[in-house]
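Input: a single structure, listed below in structure tokens.
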Amino acid sequence: MRLSSIIDQIYIKAARIRTIEEKGSMKIDEGIGSEFMGIVNYCIMGMIQMELKDESEIELEAKQVLTMYDKYVHETKNLMEQKNHDYGEAWRDMLLSTYTDMLLMRIHRIRQIMDNKGKTIASEGIASNLMDMINYSLFALIRMSEDATDAQMRK
């Protein structure tokens, strides 16, 4: 997939999450947790795609893909730890819908950067935005898990 197609896939998942949040229901029996996980994976795919300079390289060996995947997971985790140090755990006080809005905002930024051929004025680059989207998605998944645990404990 081209990077633009990956970004569109992320958009589709974030838009579905927002629709479910707004309507309060869904017709496809696949919750928003799987959409957040899909966003994580598509973001990593996007970073891998950005690293590949030779577009003729369509098939990659599984070992190479896993190495690249792990590299971006590690870089993203390091970024999250640095930001968590500076911001504390403010993300724990955010609404789930805020994560969705932040995802959609980052998608919009990435599209603007792509329209400007990678040039930015006041925004970080595409990879930084993808890493932020991974972390927002993971924060949402953690919050959903904690909320479910809290609900179970109240029963």
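Results for (1) touching a residue at least 40 places away in the same chain (Cβ under 8 Å); (2) open to solvent by 30 Å² or more (accessible area, probe 1.4 Å); (3) not acidic (Asp, Glu), shown as yes or no for each residue.
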{"site": "Phe36", "(1), (2), (3)": "yes, no, yes"}
{"site": "Asn41", "(1), (2), (3)": "no, yes, yes"}
{"site": "Lys53", "(1), (2), (3)": "no, yes, yes"}
{"site": "Val65", "(1), (2), (3)": "no, yes, yes"}
{"site": "Lys77", "(1), (2), (3)": "no, yes, yes"}
{"site": "Met94", "(1), (2), (3)": "yes, yes, yes"}
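In region 20-32, the residue that is surrounded by the fewest Cβ atoms within 10 Å (Cβ to Cβ) out of those that are modelled with pLDDT of 90 or more and either acidic (Asp, Glu) or closer than 19 Å to Ile107 by Cα (or both) is Glu22.
Scanning region 96-141 for residues that are open to solvent by less than 90 Å² (accessible area, probe 1.4 Å), aliphatic (A, V, I, L, M) and over 22 Å from Ala15 (Cβ atoms) yields a single hit, Ala127. Confirm whether Lys71 is over 21 Å from Glu146 (Cβ atoms) and either outside any helix (DSSP H, G or I) or under 18 Å from the mean Cα position of the chain (by Cα) (or both). So Lys71 fits the description; yes.
A search for C-beta distances below 6 Å between a residue of region 125-146 that is among the aromatic types (Phe, Trp, Tyr) and any residue that is at pLDDT 95 or above and open to solvent by 30 Å² or more (accessible area, probe 1.4 Å), counting only pairs 6+ apart in sequence or on different chains, returns Tyr136/Met102. For region 81-92, filtering for residues that are exposed (fewer than 10 other Cβ atoms within 10 Å of the Cβ) and among the polar types (S, T, N, Q) leaves 0.
Listed here are the residues, each with its yes/no results for (1) under 23 Å from Gln112 (Cβ atoms); (2) touching a Lys or Arg at 6+ places or on another chain (Cβ under 7 Å); (3) assigned to a loop (DSSP other than H, G, I, E, B).
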{"site": "Ile7", "(1), (2), (3)": "yes, yes, no"}
{"site": "Ile10", "(1), (2), (3)": "yes, no, no"}
{"site": "Lys13", "(1), (2), (3)": "yes, no, no"}
{"site": "Ile17", "(1), (2), (3)": "yes, no, no"}
{"site": "Ile20", "(1), (2), (3)": "no, no, no"}
{"site": "Met37", "(1), (2), (3)": "no, no, no"}
{"site": "Ile44", "(1), (2), (3)": "yes, no, no"}
{"site": "Met50", "(1), (2), (3)": "yes, no, no"}
{"site": "Leu60", "(1), (2), (3)": "no, no, yes"}
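The values are calculated or read from the model by the stated rules, or taken from the named source; none is laboratory data. What you see is a predicted model, and the numbers here were worked out from it, not measured in a lab. Neighbour counts run over all protein chains shown; Cβ positions are idealised from the backbone, glycine included. We work out accessible area using only protein heavy atoms, side chains counted, and drop any ligands, DNA or RNA first. Shrake-Rupley method; radii C 1.70, N 1.55, O 1.52, S 1.80 Å.
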